[in-house]
Structure formats: structure tokens, C-alpha cells
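Working notes for the structure below.
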Amino acid sequence: MPSGIEKFVNKIIEGDCLEVLPRLPDQSIDMILCDLPYGTTQNKWDCEIPLDQLWGQYERIIKPNGVIALTCQGVFTAKLILSNERLFKYKIVWEKSKPTNFLNAKKQPLRKHEDICIFYKRQPVYHPQMKEGKPYTKGIRKDQLTGSYGDFSPVEVKSVDGKRYPCDIVYFKTAESEGGVYHPTQKPVELGRYLIKTFTDPGNIVLDNTCGSGSFLVSATLENRRFIGIEKNEDVLLHKKDSIDYVKVSRKRIEEAVKETRRLLQNV
């Protein structure tokens with residue numbers, strides 16, 4: 001029988017994450033990528049998880065150079081940052097293809113972005129996802145003196161291959177562009193793939209402790225990472241219809257991702 005973290009790997013565990021997380025070994029997770037409940041609606045499933053308890057488990061199970069990436073928006077972004085200023089480093093803004101908040105369109109701007117807050121103890125793996133472009137030159141940067149980084153010598157700023165480093169605003173289409181939408185706050189698989197490629201290496205373990213319909217688990221599968229999913233699997237109604245078994249939905253989506261990965265490998 002597998003021992004330690006291996007007995008949880010590539011599995012979806014049904015239960016309350018605050019009850020399941022204590023079962024995971026210390027310093028066993030490379031990346032926590034999670035779409036936590038924002039607590040912005042009256043829906044029972046959208047109830048905030050006590051952040052102090054969550055951080056107690058996150059800091060215990062994450063590796064010293066692991067990364068914690070949490071999606072958030074509005075007031076919840078502020079709460080999340082202030083809940084652990086010590087580990088907070090920066091946020092990435094996800095610009096969405098479709099805005100929301102149409103019911104208040106005559107009172108306030110439509111909402112077209114969400115945040116991904118990045119936390120870590122030590123510098124994690126970082127693979128910047130370069131953008132393609134035309135070669136460019138920006139001329140010679142002059143000497144400069146700053147209180148932050150000291151002296152800079154003159155240097156020519158150019159890109160021979162045209163590749164550009166990513167900035168902290170990224171654009172991805174919303175989940176419906178990828179096919180079926182099973183959860184009211186479902187995130188796009190491509191967003192998860194981008195973050196996983198940026199902060200992990202192949203074979204690393206990615207944890208999503210509120211995995212919903214499993215988008216980030218699918219992302220991990222497609223990028224040859226191992227995953228652990230936790231889902232409470234209750235109190236969610238999609239479009240006021242019957243409830244959905246999200247563990248079954250997630251497993252089916254992962255099976256399809258595995259088949260797609262195998263198909264692509266056969267064509268290489």
C-alpha cells in the first residue's frame with residue numbers, strides 16, 4: 001500500500017477540506033492552486049472558509065519553496081492578502097473575455113477581471129511564460145541611481161527573438177469557451193495550465209482543496225503534474241436545477257484529459 005503523500009496523489013477526496021487537510025503530510029505539496037469560495041453571494045456553498053484555520057494547514061503542507069496561488073475578487077482579495085501579509089508577494093490579474101455584473105450595469109462598471117494572489121515562503125520555481133512577438137530594440141538605457149537597486153550601467157535593451165516576458169495581467173477566455181460549464185464559478189482550464197506551467201515542474205504535486213468541477217485538476221493532468229483534489233460536494237445548484245455530483249464530474253473530466261494526453265503523445 002502507498003504511504004505518505006502517495007496514497008492521496010491523483011485522487012479526489014470528498015469531504016470538508018479543514019477535516020481532510022490535516023491528513024496530508026508536512027511539506028508534501030509543491031503548489032496549492034485553489035478557487036476558494038469568495039463569500040460574495042447568499043448561496044450556501046459560497047461561505048468563506050475560516051482563513052486562519054486554512055493558513056495553519058497551508059503553511060504546514062506546502063514545501064519550503066512551494067507556491068500558493070488563490071483566485072479572488074473584490075473585498076475577498078483584500079481579506080486574503082491581509083490574512084497573510086507575511087507570505088503575500090504579488091497578484092496576477094486575470095482579464096476575462098466576458099464581463100459580469102450586468103444587473104448593476106446602470107449603477108457601476110461591469111466586472112471583467114479576477115485576481116490570483118501569490119504567496120510563498122521562499123522563491124519558488126518560476127518559468128515565465130514568454131509571449132511571441134517581433135524582434136525589437138529600445139535603445140541604450142542610461143546610467144541611473146536608485147535607492148532600491150543601486151547603480152545601473154548603460155546597456156542596450158533589445159530582444160533578438162522577439163519574445164517578451166509576461167506581465168501581471170493575463171487574458172484568458174472564460175470557462176464556457178472550453179465546453180461544458182458544471183459549476184457557477186468554474187475557472188478555465190487554460191488559466192490553470194498557465195499558472196501550473198509557471199510555478200511547477202513536471203511530476204510536481206498540485207493541490208486544489210475546493211476543486212469543484214475539477215478544472216485545475218484537469219490543468220494539472222494536461223501538464224503532466226500530479227494532483228490532489230478535495231471537494232465538499234454539497235449545497236451547489238447550477239442554474240437553479242438539480243444538484244450535481246462534482247466528484248463524479250471531476251473524475252470524468254480528468255479521464256477525458258488523460259485520453260487526450262495519450263492521443264497527443266501517439267501523434268508525436
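Data table
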| quantity | calculated |
| --- | --- |
| GluC sites (Glu not before Pro) within the range 44-119, DSSP loop, no more than 12 other Cβ atoms inside 10 Å | E85 |
| Which listed pairs, of K121/K197; K131/K259; K11/K248; K98/K134, have C-alpha distances above 23 Å, in listed order | K131/K259; K98/K134 |
| Alpha-carbon centroids, the range 57-81 and the range 156-204: separation in whole Å | 18 |
| For the range 21-139: rounded, prolate or oblate by the Cα gyration tensor [a/c cutoff 1.5] | oblate |
| Cα-projected label distance for S177 with D245, points at 7 Å along beta-carbon direction, nm | 3.3 |
| Global form of the range 179-263, assessed from the alpha-carbon gyration tensor, a/c cut-off 1.5 | prolate |
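Every read-out reported here was derived from the displayed coordinates using simple, explicitly stated rules and does not represent laboratory data. Everything numeric in this text was worked out from a predicted model, so none of it was measured. Methodologically, a virtual Cβ is constructed for each residue, glycine included, from the backbone with ideal geometry; neighbour enumeration extends over all protein chains shown.
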